[in-house]
Amino acid sequence: MRSTTYLTAAACTAAVLAVTGLPPATAAPAAPAKPLTKDTADFNGDGYADLAIGAHTATVNGVKRAGAITIAYGSATGLKHDTAAVITQATPGVPGDPAPDGKWREVSAHGDFDGDGYDDLYVQWVSKNVILWGSKTGITGASTTLPRGTATSTDPELLGAGLGTGDINGDGTDDIVIRSHGGRLGFTFSVLSGPINRTTGRAASTVVRDIWNQDGIGLRGNGLFVGDITGDGLADVTVVGHRDYKPASTVLKGSPTGLVKGSGTFKEYANYSTPYGSAFGDLNGDGYLDLAVGLGYSHAQTNAVRDAVSVNYGGPNGLSTTTPALLLSQSSPGVPGVSEIGDRWGSTLEITDTDGDGFADLLIGASYETGDDAATTTGAGAVTVLRGSRTGITTTGAKTLTQNTAGVPSASENNDHFGSAIAAIDSDKNGRPEVYVGGNGEDGFTGRVWNLTTAPGTGLTGTGATSFGLTALGGTAGASNFGYRFAG
């Protein structure tokens, strides 16, 4: 597992940034003693961050909608998307063959699952789970299919949703946390501890967590998030679900001997909602990763708009019990835009320091946002930036970028879905992240990816932005949905 430093506590400014229209937070604790890092993928072990891009309807060898994955590698001059590798089920070593409407997907997560020092790529589609192995030459097609399982407590059936990766037990090898059948149906996840055997796909050990009986929670949607929110160097599992149709959550802390219950409650609607995208990062500079999750809720009777982002601050024992969590929407004071039905505001999220002030910022994708040029431009998409501060998220200086923002290539059009994926990586190690934004609907669902720059004091900007598509990388033309998902 490779990491790139993206936020250093010593760089935090002493100024307190005003929060507009949000509840006041408690005073921030003392600055952390060590830099905070963001995990980024390094598939070829050269020290530069890489990016995997999904195109699940790409045509492969004449087979329509078979699916493809692009791996673009970092370098001293930035992301080398012009020499990226395109991997499909026709690539030697990849299981299966291209199939019509197979939609081989999705780039889902990364981590060093076999302990060889190279990051690997986790791919899910339907209920199939495959690891593409990293190497000195990157992702080549060498891969292993994980056994489906038999839905028993010792051999759980792996599902196609609810996935997170990280080093839970501190042995230096990344583990896989995934929804499964093996306890009470639908209320179970499994921890597959690395190293993963490259021949059999079996984990070194497997632990099934029946969270209905053990934690009083029914897992729904993708309400399972893996990240070190306690700051002890071990990945933790935050589970968001329900009990008797009421919100319920728990934090399970990583430890050398297994998961241990932590503290704190995830901020959610008072009724049933479905998690969208998620991201970890230190929004208030206190040395603990915070968790942001997009939530969607549709009220059948009132047709109410309920897209929102839940912001939860980390602490030494789990989610913070002293810094209030927030539930933000485009109806919140100071947040740009207007809440509308079907915007999918929060369907993708990323956290990174865009303006160099030492506090990570929250990037919010709304892939179905109405265009900013005319009310008739539907599904054009947008990315909103909310800044971090010593007191957490602030709406001061909030901004929204679209394809109509000065410098951003192309223009907002119907169903471009700009913001369908977001990833922030420092691919050239210059100390400033680039923000990659997918728009899978661009050019009749051919899809594109935009590279937006960041600058000290300015933040995310369209100035100097570039874009690229699958065709230029050696892939086929046509409706590929390139940029629908990222892992990196």
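The values are calculated or read from the model by the stated rules, or taken from the named source; none is laboratory data. Predicted, not measured: the structure shown is a model, and the values here were computed from it. In this analysis, Cβ positions are derived from the backbone assuming ideal geometry, glycine residues included, and neighbour counts consider all displayed protein chains. Keep in mind that these areas ignore ligands, DNA and RNA; they rest on the heavy atoms of the full protein, side chains included. Shrake-Rupley method; radii C 1.70, N 1.55, O 1.52, S 1.80 Å.
Points worth noting:
- Under the criterion of Cα pairs below 8 Å and six or more residues apart, the relative contact order for the stretch 110-256 equals 18 percent.
- Computed [θ] at 222 nm, deg cm²/dmol, the chain (DSSP H ≥ 4; -39,500 (n - 2.57); rounded to nearest 500): -500 deg cm²/dmol
- Using a cutoff of 8 angstrom between alpha carbon atoms and counting only pairs six or more residues apart, the relative contact order for the chain works out to 15 percent.
- Summarising the amide proton neighbourhood of D210: residues at separation of 5 or more, or on other chains, whose placed amide H is nearer than 5 Å comprise an empty set.
- Peptides ranked, highest mean first, by Cβ atoms within 10 Å: ranges 440-453, 138-151, 231-244: 440-453, 231-244, 138-151
- Positive-end residue of I176, A382, T463, charge dipole of the chain with Cβ unit charges: I176
- Each peptide among 211-217, 314-320 gets the average number of other Cβ atoms lying within 10 Å of its residues, and from highest to lowest they stand as 314-320, 211-217.
- The slack in the chain from N61 to T257, taken as 0.36 nm per residue of separation less the alpha-carbon distance, amounts to 65.8 nm.
- In this structure the stretch 28-153 gives 39 Å² per residue of accessible area when probed at 1.4 Å with all protein chains present.
- FRET efficiency for the pair N213 and T322, taken as 1/(1 + (r/R0)^6) with r the Cβ-Cβ distance and R0 = 35 Å, rounds to 0.70.
- Based on Cα contacts under 8 Å between residues 6+ apart, the stretch 329-403 shows a relative contact order of 26 percent.
- Charged-residue dipole, Cβ positions (Lys, Arg, Asp, Glu), the stretch 350-488 about Cα centre, Debye nearest 20: 220
- Over all orientations, the stretch 346-468 has a Cα convex hull whose mean projected area works out to 7.1 square nanometres.
- Projected onto their three principal axes, the Cα atoms of the chain cover extents of 54, 51, 51 Å, largest first.
- Working ranking of peptides 110-118, 419-427 by packing, defined as the average number of other Cβ atoms within 10 Å per residue, highest first, is 419-427, 110-118.
- Cα→Cβ-extended label distance, 7 Å offset, between D428 and D82, nm: 1.3
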